[in-house]
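Bear in mind that the values in this text are calculations on the coordinates, not laboratory data. No experiment lies behind these values; they were computed from the predicted model shown. Please note: Cβ atoms are built from the backbone with ideal geometry, for glycine as well, and neighbour counts cover all protein chains shown.
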Amino acid sequence: MTLTPARITRREDGTPFAPDYDDVYHSSDGGPAQAREVFLAGNQLPARWAGRAVFTVFETGFGLGLNFLVTLNTWRNDTSHCERLHYIAIEKHPLTRTDLATCHAAWPELAEEAAAQQAQWPLPLPGHHRLHFFGGAVTLTLVFGDIADVWPQLDMPFDACYLDGFAPARNPDMWQPALLRQCGRLAAPGATLATYTTAAAVRHALTAAGFNVQRLPGYGRKRHRLTAVFNPPAWQSAHAIPVTPKTDARQALIIGAGLAGAAVAERLASRGWQITVIDALPAAAGGASGIRAGLLHPHLSPDDALLSRLIRHGFLYALATWKRLSDAGHPLSGRCDGMAHVAQNQLNEAGMASTAARLGLPGEYAQFMDRSALSASCGLSLTAGGYWYPQAGWMAPATLIEALLKQSGANRLFNCRVDRLEQHAGQWQAINADGAVIAQAAVAILANSHDAARLSPFAYPLQRVRGQLTYLPGSALPGLRHAVAGPAYAVKTADDMLVIGSTYSEEDESSQVSAADHAANLAMMGKLFPDHQNIVTAPLSGFTGFRAATADHLPLIGALPDLDAIRSLGLELAGQAVDNMPRRPGIYGALGYGSRGLLWAAMGGELLASLIHGEPLPVEAPLAAAMDPARGALRRMRQGELP
């Protein structure tokens with residue numbers, strides 16, 4: 001999974017040059033001018049995005065980000081630009097931030113756009129990185145990885161394609177006919193494509209993919225360039241990737257005012273939606289989100305398993321979201337300045353060291369430290385070494401929820417229990433026990449934890465897991481400088497309160513704070529801090545809450561299944577992928593976040609808002625499928641157990 005950063009030198013004329021590919025990053029006749037002539041004009045931009053609600057540009061070979069900067073600059077200066085611009089780009093060898101800034105300095109006319117890109121430039125980690133610009137109206141989704149691996153996993157219909165990258169003679173792997181045929185799989189009806197190369201193999205592959213290809217005069221010293229329009233013959237599927245249906249009535253009701261619901265509200269509101277949030281409790285964050293502090297940190301596995309990749313997406317997007325909210329003036333109580341993850345024993349410690357070495361992650365994301373170094377980092381002697389996560393930390397969920405809800409401008413209805421949901425004339429109505437309509441909207445999102453299946457069954461039982469935290473004065477661990485996790489976790493909050501825990505019980509239904517669980521938390525602390533095993537003060541206070549967890553530890557995010565239709569079709573669906581399962585129109589779930597509410601919330605909100613609004617998704621198609629709420633119904637139908 002290690003990414004190799006780009007190596008850049010300069011030719012005598014100053015043109016950026018890639019010695020590993022023996023090719024230039026852009027024409028020596030002028031980079032910005034080449035981008036405008038070959039890629040924007042070749043795709044008839046800005047004319048084609050005029051008046052559009054959403055327009056998507058796809059690029060192979062992000063490189064210096066020059067094509068993006070020129071596109072962004074053009075969009076900003078176009079008074080008839082589309083409402084929302086999505087730009088998706090693949091890059092195998094991302095530049096360092098320093099190299100990026102050096103290259104961008106050559107284009108002072110793009111200085112503002114370049115500064116915005118550099119400020120959000122992600123760590124060199126494989127996968128999707130979603131960045132938002134200028135109020136969220138422009139979204140850049142960077143996909144770091146080998147194009148042969150990541151392109152087939154994309155499920156993002158494009159309106160315009162910049163087929164870029166080093167020349168076919170220099171980088172033949174990127175121009176294989178089998179890969180170029182992916183353009184036809186992803187092209188939306190009427191999509192256009194532009195590229196500087198006119199190689200016969202490229203022309204033939206694009207024609208086979210359903211494009212009408214035209215050769216035009218080139219830019220600078222290049223004799224010719226290509227443009228193409230997607231127009232497949234009648235016998236060929238015009239669009240293999242279905243465009244997500246969306247409603248023009250941008251109104252949604254969200255049931256549940258915890259982390260999941262608040263994050264969806266904020267992301268939909270950023271797209272111009274009007275939101276009503278309904279909760280049965282007297283205020284937001286009334287359930288498990290009421291804890292004083294929860295952790296946010298990565299997850300490492302030797303093979304970079306699906307869970308680790310999803311958590312990486314969630315972790316990075318959460319950090320970006322929290323920064324964006326803080327920059328907007330919302331007060332958040334939390335710190336993301338480092339966290340220690342302590343090994344449970346010597347064998348586990350050796351495995352963690354091996355995993356870190358194997359993955360080759362950038363040190364800014366995660367690194368292994370021995371006991372001495374890890375202890376020095378967190379400020380107290382630890383029982384073992386383990387991982388150090390420089391950007392991890394903690395957050396008081398209630399402050400985050402309030403920031404998200406304020407940013408969304410949502411109408412909040414508390415002390416309102418929804419007895420049932422009914423759909424009438426395309427509107428979902430939330431109805432109370434007296435039969436009165438609490439609120440209605442074209443779209444309904446269930447973010448109400450264990451209670452969701454009562455309103456719209458989805459055939460995936462949520463486990464009800466009790467957890468208890470113990471609160472102590474900060475003086476109990478006076479040297480603690482950063483959050484620590486392992487068999488338990490310890491966090492010192494901004495008001496010098498020590499939060500330790502948490503227990504995990506599927507059998508205990510009591511909502512009362514338990515002395516036995518306090519003792520269990522304190523005992524677990526002894527497994528983290530050997531010099532501080534007797535940190536008992538009386539009386540002890542704490543918090544109990546109930547997590548809604550799934551058996552596979554992945555959340556349920558997406559359109560809810562239509563169980564009646566699935567039963568009716570039965571075995572006809574047995575061989576289908578989960579995204580082909582029938583759905584109830586206009587109703588979605590953001591559920592099963594378990595112990596990782598802080599981690600899943602922001603990414604889940606962006607994923608759900610993208611689905612609902614009909615936009616490219618922020619994660620790879622297989623990762624979105626892994627979180628699909630219909631996965632339980634599909635599995636149980638195949639086993640003949642669908643209720």
How large is log10 of I(q)/I(0) for the range 466-549 at q = 0.14, 0.20, 0.21 Å⁻¹ when the intensity is taken from the Debye formula with one equal scatterer per alpha-carbon? -0.43, -0.87, -0.96
Would you calculate a helix-derived [θ] at 222 nm for the chain, using -39,500 (n - 2.57) for each DSSP H run of n ≥ 4 and dividing by the full residue count, to the nearest 500? -8000 deg cm²/dmol
Test of understanding: ordering SER308, SER510 by Cβ neighbours within 10 Å, fewest first, what list do you get? SER510, SER308
Report for the chain the percent antiparallel among DSSP-assigned beta bridges with both residues inside it, nearest 5. 65
Take each of the peptides 177-185, 596-604, 401-409, average the number of other beta-carbon atoms within 10 Å over its residues, and list them starting from the highest. 596-604, 401-409, 177-185
Give me the dipole magnitude in Debye, nearest 20, for the chain about the Cα centre, with unit charges on the beta carbon: positive for Lys and Arg, negative for Asp and Glu. 680
Neighbour-count ranking [beta-carbon atoms within 10 angstrom, fewest first] of MET524, MET497, MET174: MET497, MET524, MET174
Which one is right for this structure if P(r) over Cα pairs in 20 Å bins from 0, in percent is calculated from it: [x] 18, 49, 29, 4, 0; [y] 14, 31, 24, 20, 8, 3, 0; [z] 18, 53, 28, 1? [x]
Looking at the square roots a ≥ b ≥ c of the eigenvalues of the Cα gyration tensor of the range 9-230, which shape do they give, rounded for a/c under 1.5, prolate if a/b is larger than b/c, or oblate? rounded
Which of the lysines could a cross-linker span from LYS406 if the Cα-Cα distance has to be under 28 Å and same-chain partners fewer than 8 positions apart are dropped? LYS246, LYS323, LYS492
Charge tally for neighbours of GLN391 with beta carbon under 9 Å away, counting Lys, Arg as +1 and Asp, Glu as -1, is -2
Quick check on the exposure proxy: order TYR471, TYR489 from fewest to most C-beta atoms within 10 angstrom. TYR471, TYR489
With the 8 Å Cα cutoff and a minimum separation of six or more residues, the range 343-390 has a relative contact order in percent of 42
Over the range 556-643, what is the relative contact order in whole percent, taking alpha-carbon pairs under 8 Å and six or more residues apart? 45
Virtual spin-label span in nm between ASN415 and GLU641, 7 Å along Cα→Cβ: 4.3
Contact order normalised by residue count of the chain, Cα under 8 Å, 6+ apart, percent: 13
Mind checking the full-extension length gain between ARG11 and TYR504? Use 0.36 nm per residue of separation minus the Cα-Cα distance, one decimal, nm. 171.4 nm
Under unit Cβ charges (Lys, Arg +1; Asp, Glu -1), what dipole magnitude, rounded to 20 debye, does the range 466-549 have relative to its Cα centre? 260
By how many nm would the segment from LEU319 to ASP303 grow when fully extended, if each residue of separation counts as 0.36 nm and the alpha-carbon distance is taken off? 3.3 nm
List every DSSP H helix in the chain whose Cα atoms extend 18 Å or more along the helix's own long axis and whose mean Kyte-Doolittle hydropathy is at least -0.5. 306-327, 346-359, 597-613
What is the local net charge at ALA376, summed over the other residues whose Cβ is closer than 11 Å to its Cβ (Lys, Arg +1; Asp, Glu -1)? +1
To the nearest 0.05, what FRET efficiency results for ASP434 and LEU179 with a Förster distance of 60 Å applied to their C-beta separation? 0.50
What area, in nm² and to one decimal, does the C-alpha convex hull of the range 1-90 cast on average over all directions? 6.9
Please work out how much length the chain gains when fully extended from ALA350 to GLN512, using 0.36 nm per residue of separation minus the C-alpha to C-alpha distance, in nm with one decimal. 54.4 nm
Provide the net charge surrounding GLY474, with neighbours chosen by a C-beta distance below 15 Å and charges set as Lys +1, Arg +1, Asp -1, Glu -1. +2
Rg and Dmax of the range 370-428, Cα atoms, in Å? 22.6, 65
Note, the range 458-468: 3J(HN,Hα) by Karplus (6.51, -1.76, 1.60, θ = phi - 60°), whole Hz, Gly/Pro = x, goes 10, 6, 9, x, 9, 6, 9, 10, 7, x, 10
